[in-house]
Amino acid sequence: MAVDYGRVRVGIALSDTLQMTAQPYSTIENFPDIDRLISQIVDICTAMQVGGIVVGLPVNMDGTEGEMAQEVRLFADSLKSVISKPIMLLDERLTSIQARRLLQESGMKRRQAKSKVDQIAASLILRGYLDRY
């Protein structure tokens with residue numbers, strides 16, 4: 001499973017059992033209460049029998065980590081405290097931009113694409129992980 005964490009929306013992508021594909025799964029609204037978000041992710045992990053989670057780490061183009069990267073690290077630590085599966089961080093530079101471009105090229109209207117971009121970005125993160133490992 002991959003997670004594209006954002007302050008407004010969180011994209012989720014899943015792989016097949018053979019870990020050959022990365023498919024967009026859902027977009028979850030991020031809530032002021034992080035426990036509710038984590039609860040929804042735990043529910044997905046349980047229902048879909050997830051073996052591990054890759055969380056996209058938003059690294060700056062120069063390789064440094066900014067405020068959002070620190071927020072994502074805290075989020076990943078929160079997940080680790082309630083999920084016994086492996087959780088790793090993976091550089092997600094440009095995945096949201098690439099996701100928007102893919103949706104635009106597919107002809108999807110901007111309003112429709114807004115709800116899909118995070119889950120497409122999550123699938124790109126997961127694809128990157130599967131290709132690398």
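The values are calculated or read from the model by the stated rules, or taken from the named source; none is laboratory data. All values derive from a computational prediction rather than experimental measurement. We place every Cβ from the backbone using ideal geometry, glycine too, and count neighbours over all the protein chains shown.
I'd like to check something: does region 57-68 contain any residue that is in contact with a Gly (Cβ under 9 Å, 6 or more places away or on another chain), within 21 Å of Ile28 (Cβ to Cβ) and not in a helix (DSSP H, G or I)?
yes
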Lone unmet requirement of (1) free of Cβ contacts under 8 Å to residues at least 40 places away in the same chain; (2) part of a helix (DSSP H, G or I) for Ile28: (2)
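Please go through region 103-120 and pick out each residue that is of a type outside the set (A, V, I, L, M) and at pLDDT 85 or above.
In the first step, residues of region 103-120 are kept if they are of a type outside the set (A, V, I, L, M); the result is 104-107, 109-112, 114-116, 118-119.
Scanning region 103-120 gives Lys116, Asp118, Gln119.
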Cross-chain or 6+ apart pairs with Cβ under 9 Å, region 118-131 first and more than 13 Å from Asp91 (Cα to Cα), then charged (D, E, K, R) and modelled with pLDDT of 95 or more: Asp118/Asp4; Gln119/Asp4; Ile120/Asp4; Ser123/Asp4
Complete set of residues in region 49-69 that are touching a strand residue (DSSP E or B) at 6+ places or on another chain (Cβ under 8 Å) and closer than 18 Å to Lys80 by Cα: Val50, Gly52, Ile53, Val54, Val55, Gly56, Leu57, Ala69
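Any residue at all in region 81-88 that's part of a strand (DSSP E or B), in contact with a helix residue (DSSP H, G or I) (Cβ under 9 Å, 6 or more places away or on another chain), surrounded by 14 or more Cβ atoms within 10 Å (Cβ to Cβ) and among the hydrophobic types (A, V, I, L, M, F, W, C)? Break it down into steps so the answer makes sense when it comes.
Residues of region 81-88 that are part of a strand (DSSP E or B), as a first pass: 87-88.
Then drop every residue that is not in contact with a helix residue (DSSP H, G or I) (Cβ under 9 Å, 6 or more places away or on another chain), which leaves 87-88.
Add one more test, that the residue is surrounded by 14 or more Cβ atoms within 10 Å (Cβ to Cβ), and what stays is 87.
Remaining after also requiring among the hydrophobic types (A, V, I, L, M, F, W, C): 87.
Within region 81-88, one or more residues are part of a strand (DSSP E or B), in contact with a helix residue (DSSP H, G or I) (Cβ under 9 Å, 6 or more places away or on another chain), surrounded by 14 or more Cβ atoms within 10 Å (Cβ to Cβ) and among the hydrophobic types (A, V, I, L, M, F, W, C).
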Residue in region 38-51 that is under 16 Å from the mean Cα position of the chain (by Cα) and in a strand (DSSP E or B) present: no
